[in-house]
Number of protein chains: 2
Amino acid sequence: MKKSINKIVMIGAGNLGTNLATAIHKSGYQIVQVFSRTSESARKLAKKTNALYTSSLDEIYPYADLYILALPDDAVLGFLKSKKLNNFFMVHTSGSLPVSVFKPFSNKFGVFYPLQTFSKNKILNFTDIPVCIEGNDKRTESDLMKIAKNISRNVMVLSSEKRKQAHLAAVFACNFTNHMYTIADEILSRKNISFDLIRPLIQETSEKVKLMKPALAQTGPALRKDKQILSAHMKMLAKDENYKKIYSFVSKSILSKTK
Amino acid sequence: MKKSINKIVMIGAGNLGTNLATAIHKSGYQIVQVFSRTSESARKLAKKTNALYTSSLDEIYPYADLYILALPDDAVLGFLKSKKLNNFFMVHTSGSLPVSVFKPFSNKFGVFYPLQTFSKNKILNFTDIPVCIEGNDKRTESDLMKIAKNISRNVMVLSSEKRKQAHLAAVFACNFTNHMYTIADEILSRKNISFDLIRPLIQETSEKVKLMKPALAQTGPALRKDKQILSAHMKMLAKDENYKKIYSFVSKSILSKTK
């Protein structure tokens with residue numbers, strides 16, 4: 001019987017790599033080594049996870065049970081082409097890359113995609129974070145399932161096609177949402193109004209969709225078809241070409257959903 | 001000495017009117033009457049606040065200390081032109097209308113703007129909701145301050161000009177944010193993926209900005225300048241004209257903020 005997964009190498013020490021390695025380390029697996037092109041990032045994460053570290057491809061530890069690639073998509077492809085991990089058990093953590101990218105390089109591979117927004121300076125508890133996994137065969141999937149279930153109680157197998165859609169949805173729900181906050185902050189700052197003024201509004205907006213569908217939680221001038229406010233706001237944004245376009249297209253999109 | 005405010009008439013029984021009347025009623029003021037064009041809405045809110053109700057302009061109670069107009073902006077103007085409340089103490093609850101709209105109609109007037117997103121079917125506690133007030137003179141402002149402080153510990157005087165900016169910021173931070181959730185939900189639904197998958201992501205995105213500036217919380221492919229993902233996502237949205245435009249302009253706007 002094949003021995004179970006224990007020793008893990010983390011390739012990449014960015015926002016996701018840092019959070020994931022920390023969670024895996026805490027759950028009892030051994031992070032043997034952290035690799036990052038940036039030696040300082042590798043060192044910091046290695047310290048957090050009681051691991052060794054390197055910034056040299058040639059020094060990657062060759063006897064680990066699993067190599068987790070927490071790299072930007074284009075870096076994953078570049079990394080695989082270096083062939084340093086040929087025939088090792090590898091997973092990537094990307095929302096968009098199909099699992100098949102590994103095919104030319106290994107016989108045991110998969111995806112380990114935690115659907116969350118991560119920052120290096122805010123280490124998250126993984127208990128409720130959805131972890132979407134995929135493996136090249138049933139046994140690989142079951143190996144990944146075991147690790148995932150050790151860190152989260154919200155694990156599911158998701159195909160490459162569905163994961164890609166989930167990632168696109170996540171970009172809207174998280175990255176674009178955060179940019180809306182950023183624009184709001186900028187509009188307030190210009191008039192010396194504190195961002196604190198809208199923090200309760202931001203919290204309630206996200207609270208609402210804990211229980212109801214977002215389409216039912218929609219409010220605001222576009223939904224009310226209040227053309228007076230819409231045109232006043234467009235005038236207020238006259239000097240902000242990007243913001244004016246965003247205001248116009250998002251309002252149009254909200255309007256198109258109303259009866 | 002002029003008697004203090006006690007009897008209040010609520011004009012409008014929509015999302016905001018319903019929440020505000022309920023909070024004011026609970027804090028010990030008397031809602032004597034609810035007016036709404038829709039008799040059923042008036043009745044429901046009147047029941048919640050132990051008030052009388054009417055849907056007829058001619059039956060509005062004429063002896064109240066304060067009339068709160070919780071109406072869409074254009075309805076406020078139409079209402080004032082009916083002159084039913086000439087010379088009464090009136091406030092509106094709008095983020096955008098200047099306080100001066102009341103000038104031709106009264107000598108005591110102001111603004112009572114709770115900066116929050118409201119739904120009729122979710123009655124909120126006002127304790128932490130920012131209430132932005134403005135009055136035509138110091139005494140009116142102090143009258144409004146007293147009422148506002150009875151329902152919220154987050155009250156401030158905000159000029160019409162600043163309130164307009166705060167409202168524009170709120171549209172981005174709340175209405176547009178909720179539409180981003182709606183788009184995400186639609187993208188997931190098409191592939192039969194549950195909205196539950198991204199609920200933890202939505203919560204964490206709003207949690208992050210409790211403590212940090214949103215510009216520092218930004219993540220995602222646009223921030224990373226990951227052109228491969230950006231162009232793949234644009235292709236996935238090929239059939240959604242509105243969403244494609246939103247994706248493109250929001251990404252461009254995020255990119256323009258990165259160094």
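The values are calculated or read from the model by the stated rules, or taken from the named source; none is laboratory data. Values in this document were obtained by computation on a predicted structure and should not be read as measured data. Neighbour counts are summed over all protein chains in view; Cβ atoms, including those assigned to glycine, are modelled from backbone coordinates with ideal geometry.
Take A:Lys138 and decide whether it is closer than 24 Å to B:Arg163 by Cα and more than 24 Å from the chain's Cα centre (by Cα). The answer is no for A:Lys138. For the range A:228-246, the count of residues that are closer than 17 Å to B:Ile187 by Cβ, in contact with a helix residue (DSSP H, G or I) (Cβ under 8 Å, 6 or more places away or on another chain) and either assigned by TED's automatic domain parsing to the domain that holds A:Glu134 or not in a helix (DSSP H, G or I) (or both) is zero. The numbered conditions (1) touching a residue at least 40 places away in the same chain (Cβ under 8 Å); (2) of a type in the set (D, E, K, R); (3) more than 23 Å from A:Arg153 (Cα to Cα) are all true for A:Lys120 except (3). Among the residues examined, A:Leu168 qualifies as within 30 Å of A:Asp137 (Cβ to Cβ) and not assigned by TED's automatic domain parsing to the domain that holds A:Ala21. Would you confirm whether or not the range B:127-150 contains a residue that is touching a residue at least 40 places away in the same chain (Cβ under 8 Å) and part of a loop (DSSP other than H, G, I, E, B)? No: the range B:127-150 contains no residue that is touching a residue at least 40 places away in the same chain (Cβ under 8 Å) and part of a loop (DSSP other than H, G, I, E, B). Take the conditions (1) within 15 Å of B:Ser253 (Cβ to Cβ); (2) without any contact (Cβ under 8 Å) to a residue 40 or more places away in the chain; (3) crowded, with 21+ Cβ neighbours inside 10 Å; (4) facing chain B (nearest Cβ under 7 Å); A:Ile254 misses just one of them, which is (1). In the range B:151-178, the residues that are more than 7 Å from every other protein chain (Cβ to nearest Cβ) and touching a residue at least 12 places away in the same chain (Cβ under 8 Å) reach residues that are among the aromatic types (Phe, Trp, Tyr) and part of a strand (DSSP E or B) with C-beta atoms within less than 7 angstrom, at least six apart or across chains, in these pairs: B:Arg163/B:Tyr113. The single residue among A:Lys208, A:Lys225 that is of a type in the set (Lys, Arg) and under 13 Å from B:His179 (Cα atoms) turns out to be A:Lys208. Just one residue in the set A:Pro214, A:Pro200 is under 23 Å from the mean Cα position of the chain (by Cα), facing chain B (nearest Cβ under 7 Å) and modelled with pLDDT of 95 or more; that residue is A:Pro214. Taken over the range B:107-126, the criterion of being closer than 21 Å to B:Glu161 by Cα and of a type outside the set (Val, Ile, Thr) is satisfied by B:Asn107, B:Lys108, B:Phe109, B:Gly110, B:Phe112, B:Tyr113, B:Pro114, B:Leu115, B:Gln116.
Number of residues in the range B:15-35 that are closer than 17 Å to B:Ser119 by Cα and surrounded by fewer than 22 Cβ atoms within 10 Å (Cβ to Cβ) equals 2.
Within the range B:181-198, is even one residue of a type in the set (Gly, Ala, Ser), without any contact (Cβ under 8 Å) to a residue 40 or more places away in the chain and surrounded by fewer than 23 Cβ atoms within 10 Å (Cβ to Cβ)? For the range B:181-198, residues of a type in the set (Gly, Ala, Ser), without any contact (Cβ under 8 Å) to a residue 40 or more places away in the chain and surrounded by fewer than 23 Cβ atoms within 10 Å (Cβ to Cβ): present.
Looking at this structure, is B:Ile254 among the aliphatic types (A, V, I, L, M), within 33 Å of the chain's Cα centre (by Cα) and in a helix (DSSP H, G or I)?
Taking the combined requirement at face value, the residue satisfies it.
For the range A:106-124, indicate whether the set of residues that are touching a helix residue (DSSP H, G or I) at 6+ places or on another chain (Cβ under 7 Å), among the polar types (S, T, N, Q) and at pLDDT below 95 is non-empty. Yes, that holds for at least one residue. For the range A:36-71, taking the residues that are crowded, with 21+ Cβ neighbours inside 10 Å and touching a Lys or Arg at 6+ places or on another chain (Cβ under 6 Å), the one that is farthest from A:Ile5 (Cα to Cα) is identified as A:Tyr53. Somewhere in the range A:113-130, is a residue outside the structural domain of A:Ser41 (by TED's automatic domain parsing) and small (Gly, Ala, Ser)? No, the range A:113-130 has no match at all. Of the residues making up the range B:179-197, those that are at the interface with another protein chain (Cβ under 7 Å from one of its Cβ atoms) and either on the phi > 0 side of the Ramachandran plot or within 23 Å of the chain's Cα centre (by Cα) (or both) are B:His179, B:Met180, B:Tyr181, B:Thr182, B:Ile183.
Is it the case that B:Ala51 is within 14 Å of another protein chain (Cβ to nearest Cβ) and of a type in the set (A, V, I, L, M, F, W, C)? For B:Ala51, the condition - within 14 Å of another protein chain (Cβ to nearest Cβ) and of a type in the set (A, V, I, L, M, F, W, C) - is not met. Only residues that are more than 7 Å from chain A (Cβ to nearest Cβ) and in a helix (DSSP H, G or I) were counted across the range B:217-227, and they come to 1. Among residues of the range B:85-98 that are on the phi < 0 side of the Ramachandran plot, those with a beta-carbon under 6 Å from a residue that is polar (S, T, N, Q) at least six positions away or on a different chain give the pairs B:Met90/B:Ser106; B:Pro98/B:Ser160.
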